[in-house]
1. Across segment 93-110, what is the total count of residues that are in a strand (DSSP E or B) and either under 21 Å from ARG19 (Cβ atoms) or without any contact (Cβ under 8 Å) to a residue 12 or more places away in the chain (or both)?
2. List every residue pair whose Cβ atoms lie under 7 Å apart, where the two residues are 6 or more positions apart in sequence or sit on different chains, the first residue falls within segment 111-124 and is within 11 Å of GLY83 (Cα to Cα), and the second residue, located anywhere, is surrounded by 15 or more Cβ atoms within 10 Å (Cβ to Cβ) and among the charged types (D, E, K, R).
3. With the requirement that a residue be surrounded by fewer than 16 Cβ atoms within 10 Å (Cβ to Cβ) and farther than 12 Å from ALA109 by Cβ, what does segment 76-87 give you?
4. Among (1) small (Gly, Ala, Ser); (2) in contact with a Lys or Arg (Cβ under 7 Å, 6 or more places away or on another chain); (3) closer than 19 Å to ARG116 by Cα, there is one condition SER62 misses while meeting the rest; what is its number?
5. Give me a count of the residues in segment 2-49 that are within 15 Å of ASN60 (Cβ to Cβ), touching a residue at least 40 places away in the same chain (Cβ under 8 Å), of a type outside the set (Phe, Trp, Tyr) and part of a loop (DSSP other than H, G, I, E, B).
6. Take segment 31-74 and flag every residue that is among the acidic types (Asp, Glu) and crowded, with 19+ Cβ neighbours inside 10 Å.
Amino acid sequence: MQKLEFEFAWDKTIARQDREEIERVFSELHSEEHVRQQAVILKTAYNHKKEFLVTVLVNNYSTGPFSLIGKKVLYEEEEHTIGEMDSRYTLEVPPETSMPWTFIFPEAALGRKPSREYGKLIIM
């Protein structure tokens, strides 16, 4: 049975409203429709360094842990790759668990400015 967990730092600092939104999205997921892992975008933003932030719910539907380290991460809009980077994040999502996470794309990792509409994040 899929469960929702928050990484320690997230659990201590997340705003109530953001937690409720993540819980709502999680409650609408159906694991039988998915294979292994999936990232569901919760929101996107830019920070003061012009980095593109993509907050997702990482869903590990497999029976083994899923590590982000060394994975290629793509941000796509309308089947075009807008941003690409190699993950250096040490997050490990336990089996049958969903966890929120924010991927930070440096400005140099973006081929063009994301429209922030209709995007998807792919972890390979």
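1. Total satisfying the criteria: 9.
2. PRO114/GLU77; GLY119/GLU76; GLY119/GLU77; LYS120/GLU76; ILE122/GLU76
3. The answer is GLU78, GLU79, HIS80.
4. Condition (3) is where SER62 drops out.
5. 4
6. Across segment 31-74, there are no qualifying residues.
Here, each number is a calculation from the coordinates, and none is a lab measurement. Bear in mind the structure is a predicted one, so any value in this text is a computation, not a measurement. Here Cβ is always computed from backbone atoms with ideal geometry, including for glycine, and neighbour counts include all displayed protein chains.
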